[in-house]
Amino acid sequence: MTTSAQEIPWPSVLSPGRSLVYGLLARHAPQLGRRLHAEGHGVHRMAPFGHSAPYFPHAARSRGRYAAGGSGTIEFGSPLSELLEAVARGLAGREVLDWGGVALRVTGLAAVEPPSFASGLATFRTTTPVVMKSAGGERGGDQLPRQQWLLPGDPGWAAYLQGNLVRKAETLGLKPAIEVVSVGSVGPKRSFSVGSGKKPGATIEVTLRGEPDVLAAVWSWGLGQGNSAGFGWIAA
């Protein structure tokens, strides 16, 4: 994609992606789109898709601005082939994407297959913040207040991330054999606006152990909560 814009307003960095996906599903897989929007997928009623923020590697950087300009990319992913194929068909028919008022001209599409993960280990690095919110009560031996945003290193964060991975596997009907081995680098706290307000989180590098099909599903979906809103997107 290309754009003549020099920046994307911060409230529009992630927020347009979810509605764009549902709009594409409405035209190319309407039953799936209605079902996901109304009740979610699987036993945990989740929305199994994610997307990146627009990225322009050659844009001029400036403090306090989300730089745009020239050639760039947006990535979309899902462990559901039906969903991903519908999104791809929809994007193939678009010349321009309206990304929060910024015109992005579509110049091509490319499919990226997940790695094999044959070793049962995967190190993932996210390009957008991973967000986790506690439900209150006790988790992983830590007593947490109700509805608290958690950052890497906070009490209970690792346990909530682990639980989220298990729920994703169960949602897809896969054996929930996946665990967090280690957390590497952690980025600074960042908050992005989405439909329900700002969500705080941080980019992370994390090593997981699990069945290859589960690791591939997570790679296609994202880490943490709010993936359909663009959070926790994993670098290809």
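The numbers here are math on the coordinates, done by the rules we state, and not lab data. Source: prediction; values computed, not measured. Cβ atoms come from the backbone with ideal geometry, glycine included; neighbour counts cover every protein chain shown.
Roughly speaking, what is the stretch gain from Glu113 to Ser19, that is 0.36 nm per residue apart minus the C-alpha to C-alpha distance, in nm to one decimal?
31.4 nm
From the backbone phi of the range 158-171, what are the Karplus-calculated ³J(HN,Hα) couplings (6.51 cos²θ - 1.76 cosθ + 1.60, θ = phi - 60°) in whole Hz, Gly and Pro given as x?
3J(HN,Hα) across the range 158-171, in whole Hz: 4, 5, 5, 4, 4, x, 5, 4, 5, 5, 5, 4, 5, 4.
Short version: ³J(HN,Hα) in whole Hz for each residue of the range 11-20, in order, from phi by Karplus 6.51 cos²θ - 1.76 cosθ + 1.60 (θ = phi - 60°), x for Gly and Pro, what are they?
x, 10, 5, 10, 4, x, x, 4, 5, 4
So for the chain, taking the charge dipole from beta-carbon charges (+1 Lys/Arg, -1 Asp/Glu), which of Pro152, Gly70, Val112 sits furthest toward the positive end?
Selected residue: Gly70.
What length, rounded to one decimal in nm, is gained on full extension from Thr123 through to Ala177, with 0.36 nm per residue of separation minus their alpha-carbon distance?
Working: separation 54, 0.36 × 54 = 19.44 nm, distance 1.61 nm.
The span from Thr123 to Ala177 would gain 17.8 nm if fully extended.
Which Cα, out of Trp219, Met46, Leu208, lies furthest along the positive dipole direction of the chain (beta carbon charges, K/R +1, D/E -1)?
The residue sitting farthest along the positive end of the dipole is Met46.
Got the relative contact order for the range 2-105 handy, in percent, Cα pairs under 8 Å and 6 or more residues apart? The partial results should precede the final answer.
Numbers: 144 pairs, mean separation 40.6, N = 104.
Relative contact order of the range 2-105: 39 percent.
Each label point is 7 Å from the Cα along the Cα-to-Cβ direction; what then is the distance between the points at Gln162 and Arg63, in nm?
4.1
Using Cα positions and a limit of under 19 Å, work out the aspartates and glutamates in reach of Lys199, with same-chain residues fewer than 8 apart set aside.
Asp154
Sort Trp221, Trp10 by Cβ crowding within 10 Å, fewest neighbours at the top.
Going from least to most buried by this count: Trp10, Trp221.
What percent antiparallel are the DSSP beta bridges of the range 121-229, to the nearest 5?
Here the share of antiparallel DSSP bridges comes out near 100 percent.
Give, in nm to one decimal, the length gained when the segment between Val186 and Thr73 is fully stretched (0.36 nm per residue of separation minus the Cα-Cα distance). Mind dumping the intermediate values first?
Values: separation 113, 0.36 × 113 = 40.68 nm, distance 2.36 nm.
Using 0.36 nm per residue and subtracting the Cα-Cα distance, I get 38.3 nm.
When Rg is the radius of gyration of the Cα atoms in the range 2-105 and Rh is its Kirkwood radius, what does Rg/Rh come to?
On the way: Rg = 14.9 Å, Rh = 14.7 Å.
With Rh from the inverse mean 1/r over Cα pairs, Rg/Rh is 1.02.
Using R₀ = 30 Å, calculate the FRET efficiency as 1/(1 + (r/R₀)^6) where r is the Cβ-Cβ separation of Gln148 and Ala92; round to 0.05. List each step's numbers first, then the result.
On the way: r = 42 Å, r/R0 = 1.41.
About 0.10, to the nearest 0.05.
Could you tell me which GluC sites (Glu not before Pro) in the range 55-132 are loop residues by DSSP with no more than 14 other beta carbons within 10 angstrom of their beta carbon?
Glu95
Sort the range 55-131 into rounded, prolate or oblate with this rule: let a ≥ b ≥ c be the square roots of the eigenvalues of the Cα gyration tensor; rounded if a/c is under 1.5, and if a/c is not under 1.5, prolate when a/b is larger than b/c, oblate otherwise. All intermediate terms of the calculation are to be shown ahead of the outcome.
On the way: a/c = 2.29, a/b = 1.25, b/c = 1.83.
Judged from the Cα gyration tensor, the range 55-131 comes out oblate (a/c at least 1.5, b/c at or above a/b).
Assigning unit charges at the beta carbon (Lys, Arg +1; Asp, Glu -1) and nothing else, what dipole magnitude in debye, to the nearest 20, does the chain show about its Cα centre?
Working: 23 positive and 16 negative charges, 128 e Å.
For the chain, the charge dipole is close to 620 debye.
So, by mean Cβ neighbours within 10 angstrom, what's the order for 163-174, 61-72 with the highest one leading? Show your work: numbers first, answer last.
Values: 163-174: 18.6, 61-72: 13.6.
Taking the mean over residues of other Cβ atoms within 10 Å, the ranking is 163-174, 61-72.
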